[in-house]
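Derivation of every value follows stated rules applied to the coordinates shown; laboratory data play no part. The model shown is predicted, which means the values in this text are computed figures rather than measured ones. Because the Cβ atoms are built from the backbone with ideal geometry, glycine has one as well, and the counts that use them run over all protein chains shown.
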Amino acid sequence: MLGRLDAVLITNEHLDHFHFPSLLKLERTVHIYVGDYTPNFVAENLQAAGFKVTRCKHNEWVDSKDLLFKFYVGCFNTPFWERRVYHPYIISKSDPGARLIIQSDTLINPLFIKDIKEKKEKCPTLFVATNNSQIPHKGVPGAFDNIYPSEEDTSNQALQLLSEVTCTYTQEMPEVRHVFFSGGAYIYDSPNSIPFKYSDIKSLGNLASQLSIGRRIHGLEPGESFNSLTGEILHEPWSNLDASQKKIYAERLNSISGATIPSILKEAVTGNYKDEEETIADIKLIENEHALLARMIVGTALGKVLLSLNNFIKGSLESERLLIIYRLSPTHKKAYHLNLNKVTFEETDIDEEAILKYPFGVEWYLKDFASILKGEIQVWEVATTNMRQWYLGDKLDSPIAFFYKYFAEQIRPELANKITQRHVLN
């Protein structure tokens, strides 16, 4: 049985933080709190499932049984799709020395640090740090991979990660004595899925503790809890790690080689088309979406970069500078380029030298993209497993960074709502 819960705090609506199937396992007496900026569909679906939901103003204290807490808005200097993330700051009434700040996907808001320095808030003693690095193994697809050669130095990734999470994040919070890793294991349970580098937070925590002076670093696994009074790691009987699944992931990690790395774009994440009628329907769906897509691209950072280019590898550029390739099957493709003069997508022949002709492009399965548009899966589920792209410059100006914004919950809440409602209805 699940232990007593005083409250559940939703830090953001991304499904790796707002996992509705897990919430549905809770007693409906549990009080759920969300922030001011949390999309309406989150609260509405929780209420439809029978929960009491309270929307909290940020930076205002809330009293809930043994807890006092407030929501701090995430750091302002963060990618668009992370801008409604909250840092809950939680104090235990029964143990006032236990003061917890949860990072959750962005850097800690400077206003919180300012409040600590000005003695408006007591410094946290416990810190949940997000390992959101999502670093793939060499040869394994990653969301911001670039077909063009990269000069990025990856030789010190592990040390940089440990330094940032254990030192940089806490340097303005000197009273923190315990740091807890979270995140970093954002993977999909398919035969070809391989955990990200450094996603074994138990091992990462043990290693970090050996290198850390003055504080302990922990990687709690499912079923483990931390007693702030004694400093003990306890095992809760209501949750158990799936040992067989962990063994499978460990075996995949230990056997990574050129022969075992899955082929990119071998098949769609969402499976194969049943018939031609389904394929034609999805082609029509994405072509209808192209009108909005073209206008949105031109108005973003990606559009500014596209408009600023005049020359490329093969000489002067025409008005077509971005290509989207949709795979209907492993061997059958359709391609559309963005005409900047007309602000429209136009179907085009697939050139074997596309990456030399178009400075920006992305390739993925038609069925996967159509499933995103239908609210059946989220863009993250494709970007981290089954697409490839090419681009010039910074990764935040890449095609996939644009799609992260385009499909972000604050832009397309109706799509995230469809995914959540399936769990409500089921």
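A compact table of results
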{"quantity": "Cut-off 15 Å between beta-carbons: net charge of the residues surrounding LYS117, Lys and Arg +1, Asp and Glu -1", "calculated": "-1"}
{"quantity": "Difference of contour (0.36 nm per residue) and Cα-Cα distance, GLU172 to LEU5", "calculated": "57.1 nm"}
{"quantity": "Positive minus negative residues near GLN389 (Lys, Arg vs Asp, Glu; Cβ under 9 Å)", "calculated": "-1"}
{"quantity": "The stretch 8-254, dipole about Cα centre (Lys/Arg Cβ +1, Asp/Glu Cβ -1), debye to the nearest 20", "calculated": "540"}
{"quantity": "Relative packing of 4-16, 212-224, which averages over residues the other C-beta atoms within 10 Å, highest first", "calculated": "4-16, 212-224"}
{"quantity": "For the chain, share of DSSP beta bridges that run antiparallel, in % to the nearest 5", "calculated": "60"}
{"quantity": "Quotient of Cα Rg and 2.2 N^0.38 Å for the stretch 32-101, N being how many residues it contains", "calculated": "1.22"}
{"quantity": "Too-long pairs where the Cα-Cα distance tops 28 Å, listed order kept, from LYS266/LYS374; LYS52/LYS122; LYS138/LYS202", "calculated": "LYS52/LYS122"}
{"quantity": "Cα-based Rg and Dmax for the stretch 286-362, where Dmax is the largest Cα-Cα distance (Å)", "calculated": "12.3, 35"}
{"quantity": "Rounded D (µm²/s) - the stretch 8-254, Kirkwood Rh over Cα pairs, Stokes-Einstein at 20 °C, 1.002 mPa s", "calculated": "109"}
{"quantity": "Sum of side-chain charges, ALA208 neighbourhood, beta-carbon under 10 Å (Lys, Arg +1; Asp, Glu -1)", "calculated": "+2"}
{"quantity": "Rounded to the nearest 20 debye, dipole of the chain from Cβ charges on Lys, Arg, Asp, Glu", "calculated": "1060"}
{"quantity": "Residue-span extension gain [GLU221 to ASP36] - 0.36 nm each, minus C-alpha spacing", "calculated": "63.5 nm"}
{"quantity": "Dimensionless Rg/Rh of the stretch 39-182 - Kirkwood Rh, Rg from C-alpha atoms", "calculated": "1.03"}
{"quantity": "If the convex hull is drawn through the Cα atoms of the chain, its volume per residue in Å³", "calculated": "166"}
{"quantity": "Gain in span if fully extended, ILE147 to GLN421, counting 0.36 nm per residue against the direct Cα distance", "calculated": "94.9 nm"}
{"quantity": "For the stretch 366-426, the fraction of alpha-carbon pairs in successive 5 Å shells from zero, as %", "calculated": "4, 17, 26, 24, 16, 8, 4, 2, 1"}
{"quantity": "Peptides 378-387, 331-340 ordered by average Cβ neighbours within 10 Å, highest first", "calculated": "378-387, 331-340"}
{"quantity": "Helical segments meeting 24 Å axial Cα length and Kyte-Doolittle 1.0 threshold in the chain (DSSP H)", "calculated": "none"}
{"quantity": "q = 0.16, 0.22 Å⁻¹: log10 I(q)/I(0) that the Debye formula gives for the stretch 293-426, counting C-alpha atoms only", "calculated": "-0.84, -1.45"}
